[in-house]
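Asker: Let me begin by handing over the structure; questions about it come next.
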Amino acid sequence: MNSSSRNPPTTDFDALVIGAGHNGLVCACYLAEAGLRVGVFERRDIVGGAAVTEEFAPGFRNSTASYTVSLLEPKVIRELRLAEHGLRILERPMQNFLPLPDGDSFSAGPDSATTLEEIRRYSTRDAARLPDFHALLGRAVDLLRALLQRTPPTDLRRVRDLWEVLRFGREFRAMPLAAQRELHEFFTRSAGEILDHWFESEPLKALFGFDSVVGSYASPYTPGSAYVLLHHAFGEVNGKSGVWGHAVGGMGAITQALATEARRLGVHIECDAPVANIITTRERATRDAHNAVRASGIKLVDGRIFGAPRIIGNLGPKLLFLSLLAAEDLPEDFRNHIERWRVGSATFRMNVALSELPKFSARRSRADESHLGAGIIMAPSLGYMDRAFASARLQGISREPIVEMLIPSTLDDTLAPKGAHVASLFCQHFDYDLARPDAPERNWNTPGMREATADFIIDAVNDYAPNFRASVVGRSALSPLDLEEKLGLAGGDIFHGALGLDQLWAARPALGYGDYRTPVGGLYLCGSGAHPGGGVTGVPGMNAAREILRDGKR
């Protein structure tokens, strides 16, 4: 834990970033571009945080945690010259493929006309209604996009914050009243309720419903899950809205390109450099008591000390505020709030090396193999997803798990030996806290628990593709506890905190501190625990840099 320093260290940098994940690198780039001397310190031996590509079996590489591209902000790609540094993003030949338990399947994309043709096999009514639903999604997404790059208001005594509230209200009121009602439902109701109202075919509802629970420990019928659906709908690939894609070389290609740009701008990056604590100083008390505590540097685990007037945390709120600061450095009410900060996406993440491609037993409406380049969703209905959540709440593990599989080697031959493949498995729901009254000793450190769960997931996929188990020649598995210990994701939460309405916009990470500033002077938050939340977007890092530079001008 931290203890305050009476003798602050020599200022070696203008800004220090804790964590070389994508948002930390984005923030560092924008600060360096403005002329600041920036240092980035990363505890792992590789930059990238959760967006890295690593070898997990001899000759097989894949994205370790984050595994697909859509939400990455085009402005970040353009202004930080990521394409010039080698980033290439390929669109999926089919957006999604859902094998169904009756032996049929449902395919979506690559374009709306093809999707509508597929939907007509199940419901002409749904095909007729889908354009209107997409229009509704579009209105909601437009409103979200308008907020993405704007700093949430935190103090209505400040003119710019009052203006931001009035601006948002004016934009909302400019919409027709019917559209306002629809959007209000999206921000408050469950995805399941909305989808049941709009559609009758289970595969179509499952397609949208998956986006409402991915990375969220919830049922599609949990109030607020409709917002999670929206959060995954505002992305684009190569200028095409709503499209998902693959970064050639894996997600690490994004962060390697960011690191290249950071170094070009003069950013100092150190790996194998975990931070032990943030050094703070006490100042003369002001009208706002918390301003009496100010961040002045960092101390590394190896004992080295670096000073700077700006410290930027690219890690989740729980780790930043509860692990790197002393309790007395924070207002009691703020610390209590962070202790209650909801984390836990109940995610179990696997990579598998395959000797051959999966052969799905489901009938396909298309003769080609484009489904193997899609997001393959093994969760055929909203009811299935609801049961997966309920069983995890009761037993710690979904007895019928939700699994999305991607096979990026069908698009990218740099990931596996010739003739072989790699697959990503994103699996839910697997509770971070497995302990239950009937087995209080069970947890993710229980011998064999991780591997038994990986076997269970492979069996679940094998039910859809009977050659799958026999084709697995290597694998890696990360439980929620592994995600926390390896990647610094508290509670194994891939978003640094649940995307509930109580933890969004001006309340992310707390009301009064949604503007990337914190109760500690000179300490900022630039990761997914800040607005607009999780996913590989780069937006929190970009927005935080803007506010840091604004404070510098002031």
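Asker: Any idea of the accessible area per residue across the chain, 1.4 Å probe, to the nearest Å²?
Answerer: Accessible surface, normalised per residue, equals 39 Å².
Asker: Quick one: pull the percent of accessible area on region 371-438 belonging to carbon and sulfur, 1.4 Å probe, ligands and nucleic acids left out. It would help to have the intermediate numbers written out before the result.
Answerer: Working: 1170 of 2300 Å².
Carbon-and-sulfur percentage of accessible area, whole number: 51.
Asker: So what's the angle, to the nearest 10 degrees on a 0 to 90 scale, between helix 159-173 and the longest Cα principal axis of the chain?
Answerer: Result, in degrees: 20.
Asker: Which peptide among 486-492, 108-114 comes first, and what is the full order, when sorted by highest mean count of other Cβ atoms within 10 Å?
Answerer: Working: 486-492: 23.0, 108-114: 15.7.
So the peptides 486-492, 108-114, ranked by packing, come out 486-492, 108-114.
Asker: Suppose accessible area is computed on protein heavy atoms with a 1.4 Å probe; arrange 349, 88, 366, 475 from highest to lowest. Each step should come with its number before you reach the end.
Answerer: Values: 349 5, 88 135, 366 45, 475 70 Å².
Correct descending sequence by accessible area is 88, 475, 366, 349.
Asker: Using only the heavy atoms of the protein chains and a 1.4 Å probe, how would 92, 304 rank by accessible area, largest first? Can you show the working numbers first?
Answerer: Working: 92 15, 304 90 Å².
Largest to smallest exposure gives the sequence 304, 92.
Asker: Return the unpartnered cysteines for the chain, using a Cβ-Cβ cut-off of under 4.7 Å.
Answerer: Flagged as lacking a Cys partner: 29, 271, 427.
Asker: May I have the count of lysine pairs in the chain with C-alpha atoms under 25 Å apart, counting pairs 8 or more residues apart or located on different chains? Mind dumping the intermediate values first?
Answerer: Details: 75/240; 75/553; 205/240; 205/359; 299/318; 299/486; 318/486; 359/418.
Step by step, the pairs that qualify in the chain add up to 8.
Asker: Considering only protein heavy atoms and a 1.4 Å probe, what is the carbon-and-sulfur percentage of the accessible area of region 184-288? Intermediate values should be presented prior to the final figure.
Answerer: Working: 1860 of 3880 Å².
That share works out to 48 percent.
Asker: The list (i) 23.5; (ii) 24.1; (iii) 27.5 gives values of Kirkwood radius over Cα pairs in Å, and only one came from this structure; which label was calculated from it?
Answerer: Correct label, based on the coordinates given: (ii).
Asker: Okay, moving on. How large, in percent, is the carbon and sulfur part of the accessible surface of region 30-83 at a probe radius of 1.4 Å? Could you put the intermediate results ahead of the total?
Answerer: Details: 950 of 1980 Å².
Roughly 48 percent, rounded to a whole number.
Asker: Report the gain in length on full extension from residue 156 to residue 75: 0.36 nm times residue separation, minus Cα-Cα distance, nm rounded to one decimal. Present the calculation step by step, with values, prior to reporting the outcome.
Answerer: Numbers: separation 81, 0.36 × 81 = 29.16 nm, distance 2.90 nm.
Contour length minus Cα-Cα distance gives 26.3 nm.
Asker: Taking the Cα atoms of region 159-228, report the difference between the largest and smallest coordinate on each principal axis, in whole Å and largest first.
Answerer: Result for region 159-228: principal-axis Cα extents of 47, 27, 15 Å.
Asker: Could you give the nm distance between label points at residue 394 and residue 327, where each point is 7 Å from its Cα heading toward the beta carbon?
Answerer: 3.9 nm
Asker: Using only Cα atoms, tell me the angle between helix 202-213 and the longest principal axis of the chain; keep it within 0 to 90° and round to the nearest 10.
Answerer: Roughly 20 degrees between the two axes.
Asker: Using only Cα atoms, what is the ratio of the radius of gyration of region 53-153 to 2.2 N^0.38 Å?
Answerer: On the way: Rg = 18.7 Å, N = 101, 2.2 N^0.38 = 12.7 Å.
For region 53-153, the normalised Cα radius of gyration comes out at 1.47.
Asker: For the charge dipole of the chain, defined by +1 on Lys and Arg C-beta atoms and -1 on Asp and Glu C-beta atoms about the Cα centroid, which residue among 417, 35, 108 has the Cα displaced farthest towards the positive pole?
Answerer: 35
Asker: A further question on this structure: Report the label-to-label distance for residue 188 and residue 546 in nanometres (one decimal), using points 7 Å from each Cα along the Cα→Cβ vector.
Answerer: Result: 2.9 nm between the two label points.
Asker: Go through 355, 52, 74 and say which Cα lies farthest out towards the positive end of the charge dipole of the chain; charges sit on Cβ, +1 for Lys and Arg, -1 for Asp and Glu.
Answerer: The one lying farthest along the dipole's positive direction is 74.
Asker: Counting only DSSP beta bridges with both residues in the chain, what percent are antiparallel, rounded to the nearest 5?
Answerer: Working: 49 of 67 bridges.
Antiparallel: roughly 75 percent of the beta bridges in the chain.
Asker: Follow-up. Listed highest first by mean packing, meaning other Cβ atoms within 10 Å per residue, what order do 192-201, 540-549, 22-31 come in?
Answerer: 22-31, 540-549, 192-201
Asker: On to the next question. With charges only on Cβ, +1 for K and R and -1 for D and E, what is the dipole size of the chain about its Cα centre, in debye, rounded to 20?
Answerer: On the way: 61 positive and 66 negative charges, 313 e Å.
Taking the Cα centre of the chain as origin, the dipole is about 1500 debye.
Asker: For residue 336 and residue 135, what is the calculated FRET efficiency with R₀ set at 51 Å and r taken between the beta-carbons, to the nearest 0.05? Let's see the in-between values first.
Answerer: On the way: r = 43 Å, r/R0 = 0.85.
That gives a FRET efficiency of 0.75.
Asker: In region 107-149, which residues have a backbone nitrogen under 11 Å from the label point lying 7 Å from residue 368's Cα in the Cα-to-Cβ direction?
Answerer: Backbone N within reach: 110-111.
Asker: Just need the relative contact order of the chain here, percent rounded to a whole number, with Cα pairs under 8 Å and 6+ apart. Could the numbers behind the result be given before it?
Answerer: Numbers: 1251 pairs, mean separation 135.2, N = 554.
This gives 24 percent for the chain.
Asker: Can you give me the angle between helix 449-462 and the longest principal axis of the chain, using Cα atoms only, in degrees from 0 to 90, rounded to the nearest 10?
Answerer: 40 degrees
Asker: Excluding residue 192 itself, calculate the net charge of residues whose Cβ lies under 13 Å from the Cβ of residue 192, where each Lys or Arg counts +1 and each Asp or Glu counts -1. Please list the in-between numbers first.
Answerer: Working: positive: 189, 205, 387; negative: 185, 193, 196, 202, 211, 386.
Summing Lys and Arg as +1 and Asp and Glu as -1 gives -3.
The values are calculated or read from the model by the stated rules, or taken from the named source; none is laboratory data. Computed from a prediction, not measured in an experiment: that's the story for all the values here. Cβ atoms come from the backbone with ideal geometry, glycine included; neighbour counts cover every protein chain shown. For the accessible areas, the whole protein counts, side chains as well, though only heavy atoms, and no ligand, DNA or RNA atoms are used. Shrake-Rupley method; radii C 1.70, N 1.55, O 1.52, S 1.80 Å.
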